[in-house]
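Accompanying notes for the structure given below.
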Amino acid sequence: EVGVVEVETQSPSPFASSLLFEYVQTYMYEGDAPVAERRAQALALDRDLLRELLGRDEMRELIDPGALESVEDDLQGRSERSRARDADGLHDLLRRVGDLAEAEVAARITAPREAAAWLETLAAERRGARIRLAGEERWIAAEDAGRYRDGLGVMPPSGLPGAFLESVDDALTGLVARYARTHGPFPAGDPAERFGIARGAAEAALAGLEAAGTVVRGEMRPGGSGREWCDTEVLRRLRRASLAVLRREVEPADPAALGRFLPAWHGIDRPPAVPGADALRDVIGRLQGVALPAAQWEGETLPRRLGAYSPSWLDQLAAAGEVVWVGAGQGRVALYLRDDAPLLGAPAGAADLPQDDPVVDAVAAALDGGALFWDDLLESVEAPREELFAALWALVWAGRATNDLWAPLRAPRRRPAAQARPPRPGTSRLSMRRGPARGGMAAVAGRWSLAERLFTRGAAPPADRRRAHAELLLERHGVVTRGAVLAEGVPGGFSGVYQALGDLETVGMCRRGYFVEGLGGAQFALPGAVERLRDLRDRRPGEPVDALVIGAADPAQPYGAALPWPQRQARRSPSRVHGAQVVLLDGSPAVYVERGGRSLTTFRDPDPEWTGPALEALAAWVRADRSRRLLVERVDGEPVTGTPWAELLASAGFRVDLKGMLLRA
């Protein structure tokens with residue numbers, strides 16, 4: 001026969017102790033864990049085990065101040081749910097809490113103006129008594145008259161029933177015990193001052209209660225100093241309340257929190273203290289390998305992170321060889337720090353080269369011998385300048401050729417005509433071959449070379465490359481999700497870096513968890529990023545709406561990549577294209593401005609609470625640049641003229657135009 005006996009012990013069994021010690025070890029040695037997780041783990045432990053391992057009972061950092069205030073309000077009858085609602089409730093309050101002044105009574109009843117009347121009612125019914133204690137007038141329950149007389153020497157008023165005046169053993173100890181039951185952690189001087197007795201008398205009573213296991217001593221109150229006392233049941237309640245608060249903190253944030261976090265993580269509109277080439281190098285270091293249109297790099301991405309941006313900074317870094325660029329599809333380029341390029345590898349999304357094109361093959365063969373200027377290419381490859389120009393840029397967009405300057409990416413690169421114009425009289429054949437049609441010398445300035453040499457020089461093993469990709473993704477996103485990795489086109493997808501992210505978690509460089517709701521359980525984050533994400537989870541009362549206009553294709557804009565676009569009715573989802581803008585309100589998309597600005601798409605039903613801040617932010621964005629103008633012709637697919645949207649746009653500063661609503665800087 002097997003019998004099961006349930007036993008509640010004061011400390012864990014040896015078997016359970018070994019399991020709990022593992023949690024303690026986690027708390028001590030995994031300092032990279034977010035604060036909320038570490039505090040929650042520690043609060044789940046037995047305090048004796050914690051003291052045995054740490055050498056002292058340190059709980060100041062574990063107890064939540066808000067939870068402490070809430071518990072003390074409940075114990076003292078100050079919270080909404082614990083206040084007395086009539087004279088009978090006030091009588092119970094006096095029995096539970098002890099002596100109170102009239103002002104203290106008023107703070108603990110639902111009708112503060114009735115405090116005096118309710119107290120007089122209790123006195124008339126012989127259920128309450130007025131006494132003089134510690135130099136002031138207070139009220140007590142009539143049942144406590146004998147306890148206050150024997151413990152503190154307070155003379156009770158006449159007329160009380162004899163049963164309330166009988167002798168009480170250890171009266172002072174009982175009063176101190178009730179004080180502990182109705183307060184959070186406190187120093188011994190607090191009850192001594194409350195009762196008007198010597199500190200030594202209070203400490204003696206507390207020592208007796210500690211020996212009986214009623215109270216405990218330790219460092220418990222947040223922000224306190226020295227040893228404090230606390231009732232054991234109150235301490236358990238504080239631990240439970242603090243743990244509940246911490247568990248709410250570790251709950252996943254909603255997607256809008258990520259929409260607020262990511263622009264802040266990238267420093268959007270928060271320029272560095274000293275902008276310049278050094279700050280630009282740091283920004284590029286975080287964005288390495290991201291393929292963006294060349295115009296977007298200098299038009300949006302870099303200026304939004306640096307504030308005062310100068311193209312000369314990028315020219316300086318490129319000319320010095322610190323920053324290199326590689327084509328990643330038609331019109332798109334990726335930036336790298338030269339020293340990191342071999343470790344990160346070529347970007348994804350390169351365009352395909354023309355099949356069986358002898359000029360392309362000849363240009364690639366010429367560059368294989370070393371870096372060449374445009375004139376050197378003309379001498380090395382026998383081909384018309386238009387074909388040579390087209391072949392060179394075909395190699396660029398295929399990720400095969402690059403330049404040591406950024407200037408060619410700024411110059412116009414329209415495809416030359418099939419037949420060149422007839423030469424003007426006096427134009428030599430040599431000058432005809434040297435200049436690329438319509439592009440000017442800027443389109444071919446600098447030295448051209450094969451891009452693959454950037455990645456093969458000192459190439460790292462595949463495992464090191466995967467780890468470097470994982471570290472870069474963490475640095476760029478803070479919180480890495482499957483959608484963010486897939487949107488960047490990382491070779492191998494999420495599975496290609498998953499193992500590397502897991503290895504980084506093993507060595508304590510990141511954490512795995514469910515940080516953003518709805519994005520799957522396989523999320524990795526830097527500890528500091530988790531804290532910042534949770535700080536942005538809820539908008540504080542009275543805080544204005546956080547409105548941000550950001551490029552739809554900016555790496556700091558999560559929608560369409562890490563987060564899906566909100567679906568409203570059967571409208572087509574917006575695209576992450578250069579030139580389109582998104583208005584984020586508290587991290588959630590409100591308005592999508594299509595490239596060119598002729599059409600707006602909204603993600604919410606019209607409401608003055610959001611339309612005003614969103615359109616005002618959009619108007620401020622237009623006015624911030626003299627070259628900007630916005631002509632809105634349609635909203636949600638419908639002409640804007642004659643609709644309520646026209647009035648809303650007019651209130652934001654737009655004026656009526658022949659085609660719609662216009663705003664110029």
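Note on the range 452-475: residues that are charged (D, E, K, R) and outside any helix (DSSP H, G or I) amount to 1. So if I check each of V283, V250, which one is farther than 30 Å from I63 by Cβ and out of contact with any Gly (no Cβ under 7 Å at 6 or more places or on another chain)? The conditions single out V283.
Taking first residues from the range 260-279 that are farther than 20 Å from G528 by Cα and in a helix (DSSP H, G or I) and partners that are open to solvent by 10 Å² or more (accessible area, probe 1.4 Å) and at pLDDT 90 or above, the Cβ contacts under 7 Å between residues at least 6 apart in sequence or on separate chains come to A277/W313; A277/Q316.
Could you tell me whether A619 is over 19 Å from L548 (Cα atoms), in a helix (DSSP H, G or I), open to solvent by less than 70 Å² (accessible area, probe 1.4 Å) and without any contact (Cβ under 8 Å) to a residue 60 or more places away in the chain? Walk me through it before giving the result.
Details: over 19 Å from L548 (Cα atoms): no; in a helix (DSSP H, G or I): yes; open to solvent by less than 70 Å² (accessible area, probe 1.4 Å): yes; without any contact (Cβ under 8 Å) to a residue 60 or more places away in the chain: yes.
So A619 does not fit the description; no.
So, in the range 634-655, exactly how many residues are touching a residue at least 12 places away in the same chain (Cβ under 8 Å), in a strand (DSSP E or B) and either open to solvent by 60 Å² or more (accessible area, probe 1.4 Å) or in contact with a Lys or Arg (Cβ under 9 Å, 6 or more places away or on another chain) (or both)? Qualifying residue count for the region: 2.
Scanning the range 525-543 for residues that are modelled with pLDDT of 85 or more and small (G, A, S), we see that the one that is surrounded by the fewest Cβ atoms within 10 Å (Cβ to Cβ) is G528.
Of the helices (runs of 4 or more DSSP H) contained entirely in the range 340-402, those carrying at least 3 residues that are open to solvent by 40 Å² or more (accessible area, probe 1.4 Å) and not basic (K, R) fall at 358-368, 374-380.
Condition first: open to solvent by less than 50 Å² (accessible area, probe 1.4 Å), touching a helix residue (DSSP H, G or I) at 6+ places or on another chain (Cβ under 9 Å), at negative phi and not hydroxyl-bearing (S, T, Y). Now tell me which residues in the range 73-88 satisfy that. First the steps, then the outcome.
Taking the range 73-88 first, the residues open to solvent by less than 50 Å² (accessible area, probe 1.4 Å) are 73-77, 79, 82, 84, 87.
Next, only the ones that are touching a helix residue (DSSP H, G or I) at 6+ places or on another chain (Cβ under 9 Å) stay: 74-77, 79, 82, 84, 87.
Add one more test, that the residue is at negative phi, and what stays is 74-76, 79, 82, 84, 87.
Result: D74, L75, Q76, A84, A87.
Counting only residues that are part of a strand (DSSP E or B), closer than 15 Å to L165 by Cβ and among the basic types (K, R), the range 129-152 holds 0 of them. Determine whether the range 461-471 contains at least one residue that is touching a helix residue (DSSP H, G or I) at 6+ places or on another chain (Cβ under 6 Å), buried (at least 22 other Cβ atoms within 10 Å of the Cβ), without any contact (Cβ under 8 Å) to a residue 24 or more places away in the chain and not aromatic (F, W, Y). Scanning the range 461-471, I find no residue that is touching a helix residue (DSSP H, G or I) at 6+ places or on another chain (Cβ under 6 Å), buried (at least 22 other Cβ atoms within 10 Å of the Cβ), without any contact (Cβ under 8 Å) to a residue 24 or more places away in the chain and not aromatic (F, W, Y), so the answer is no. Filtered by the rule that a residue be in a loop (DSSP other than H, G, I, E, B) and open to solvent by 50 Å² or more (accessible area, probe 1.4 Å), the range 160-182 gives P161, E166, S167, D169, D170. Among the numbered conditions (1) open to solvent by less than 50 Å² (accessible area, probe 1.4 Å); (2) outside any strand (DSSP E or B); (3) under 22 Å from V168 (Cβ atoms), the only one that R126 does not meet is (1).
In the range 507-521, which residues are over 30 Å from E609 (Cβ atoms), open to solvent by less than 30 Å² (accessible area, probe 1.4 Å) and at pLDDT 85 or above?
As a first pass, look at the range 507-521 and keep what is over 30 Å from E609 (Cβ atoms): 507-514, 520-521.
Those left that are additionally open to solvent by less than 30 Å² (accessible area, probe 1.4 Å): 508, 510, 513.
Selection gives C510, G513.
Would you mind stating whether P613 is surrounded by 22 or more Cβ atoms within 10 Å (Cβ to Cβ) and either closer than 17 Å to F654 by Cα or of a type outside the set (A, V, I, L, M, F, W, C) (or both)? Answer is no for this residue. Listed conditions (1) open to solvent by 60 Å² or more (accessible area, probe 1.4 Å); (2) within 14 Å of L600 (Cβ to Cβ) are all met by L631, apart from (1). Yes or no: G579 farther than 26 Å from V480 by Cβ and of a type outside the set (V, I, T)? Yes, satisfied.
With the condition being farther than 20 Å from L258 by Cβ and touching a residue at least 12 places away in the same chain (Cβ under 8 Å), I'd like the strands (runs of 3 or more DSSP E) fully within the range 489-604 carrying at least 3 qualifying residues.
Working: elements: 511-513, 523-525, 547-551, 581-585, 588-593, 599-602.
The qualifying strands (runs of 3 or more DSSP E) are 599-602.
Within the range 280-304, the set of residues being open to solvent by 20 Å² or more (accessible area, probe 1.4 Å), assigned to a helix (DSSP H, G or I), within 19 Å of L473 (Cα to Cα) and in contact (Cβ under 8 Å) with a residue 60 or more places away in the chain comprises just one member, R286. Checked against the criterion of being open to solvent by less than 20 Å² (accessible area, probe 1.4 Å), over 18 Å from W448 (Cα atoms) and under 26 Å from the mean Cα position of the chain (by Cα), the range 305-326 contains one or more residues that satisfy it. Of all residues in the range 212-234, those satisfying the criterion of being surrounded by 20 or more Cβ atoms within 10 Å (Cβ to Cβ) and under 35 Å from the mean Cα position of the chain (by Cα) are M220, R221, V234.
The values are calculated or read from the model by the stated rules, or taken from the named source; none is laboratory data. None of the values given here were measured: they were computed from a predicted structure. Note: ideal-geometry Cβ built from the backbone for every residue, glycine included; neighbour counts use all protein chains shown. Please note that ligands, DNA and RNA were not included when accessible areas were found on the heavy atoms of the full protein model with its side chains. Shrake-Rupley method; radii C 1.70, N 1.55, O 1.52, S 1.80 Å.
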